[in-house]
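Working notes for the structure below.
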Amino acid sequence: MNNSVFPEVKKNFGFGCMRFPMKGEEVDFEHVNQMIDTFIENGFNYFDTAHGYLAGKSETALKSCLVDKYPREDYVFANKLSAWLFEKEEDVLPLFEEQLKCCGLDYFDVYLLHAQNTKNYKKCKETNAYKIINDLKSQGKIKHFGISFHDTAEVLDKILNENPEIELVQL
């Protein structure tokens, strides 16, 4: 990330929360607390999750181990809208609101349309997800809008040309 666009991000290195240590089927909160504390103590502050990570347990673990422990200005919280978790336009906003609730937040610093590729991009366009995300940004529920991307350079170029409001691409 470019700090001129995201001045709140420190050290340009993020903590991905897709694979937290587990105790059986549950997140190992003791271990995750240690990991997050160490990350913050070393001057880092960008955390990335998605509703589908660990069947929603990543978000609730971040709420417990980060949001409930640290002042809001101490971290940058990124979350994602995953196309496989909604079917139609009417599903997008309730899913977003559920994510805020699971994370214990009023807004996301960064919100990404997840795993954009030819198929997911088409679905996101058809369900007006790009418009809905931009509306949420206008309302202050999202500070920065981006995509995570999994396809060819040509597809990325098409998405960026059709959506100049995208502020970042996470690969």
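Among beta bridges from DSSP that stay inside the chain, the antiparallel ones total about 10%.
Can you give me the relative contact order of segment 129-171 as a percent, contacts being Cα pairs under 8 Å and 6 or more apart? Numbers along the way, then the final one.
Details: 30 pairs, mean separation 17.5, N = 43.
Taking the mean separation of contacting Cα pairs over the length of segment 129-171, I get 41 percent.
Taking only protein heavy atoms and a 1.4 Å probe, the accessible area of the chain is 52% carbon and sulfur. Estimated from helices alone, the mean residue ellipticity of the chain at 222 nm is -11000 deg cm²/dmol (sum of -39500 (n - 2.57) over DSSP H runs with n ≥ 4, per residue).
Taking amide hydrogens as placed 1.01 Å from N in the peptide plane, the amide H of residue 115 sits under 5 Å from those of 148, 149, each at least 5 positions away in sequence or on another chain. For the chain, the solvent-accessible area of protein heavy atoms averages 50 Å² per residue (probe radius 1.4 Å; ligands and nucleic acids excluded).
Exceedance of the 27 Å cut-off in Cα-Cα distance is limited, within the set 10/125; 23/101; 23/63, to 10/125.
Compute the signed sum of charges (Lys and Arg +1, Asp and Glu -1) over the other residues within less than 13 Å, Cβ to Cβ, of residue 101. Don't skip to the end; give the middle numbers.
Numbers: positive: 63, 141; negative: 59, 97, 98, 106.
Neighbourhood net charge equals -2.
Taking every C-alpha pair closer than 8 Å and separated by at least 6 residues, the mean separation divided by the residue count of segment 30-171 gives a relative contact order of 20 percent.
Of the peptides 125-135, 75-85, how do they stack up when ordered by the mean number of other Cβ atoms within 10 Å, highest first?
Working: 125-135: 16.7, 75-85: 21.9.
Going from most to least packed, we get 75-85, 125-135.
Summing charges over neighbours of residue 10, with a neighbour being any other residue whose Cβ is under 13 Å away from its Cβ, gives -4 when K and R count +1 and D and E count -1. The phi-based Karplus calculation (6.51 cos²θ - 1.76 cosθ + 1.60; θ = phi - 60°) puts the 3J(HN,Hα) values of segment 56-63 at x, 6, 5, 5, 5, 5, 5, 4 Hz, whole numbers, x for Gly and Pro.
The values are calculated or read from the model by the stated rules, or taken from the named source; none is laboratory data. What you see is a predicted model; the values in this text were computed from it and never measured. For neighbour counting, all protein chains shown are included, and Cβ atoms are generated from backbone atoms with ideal geometry for every residue, glycine included. Quick note on the areas: whole protein, heavy atoms, side chains included, nothing else; ligands and nucleic acids left out. Shrake-Rupley method; radii C 1.70, N 1.55, O 1.52, S 1.80 Å.
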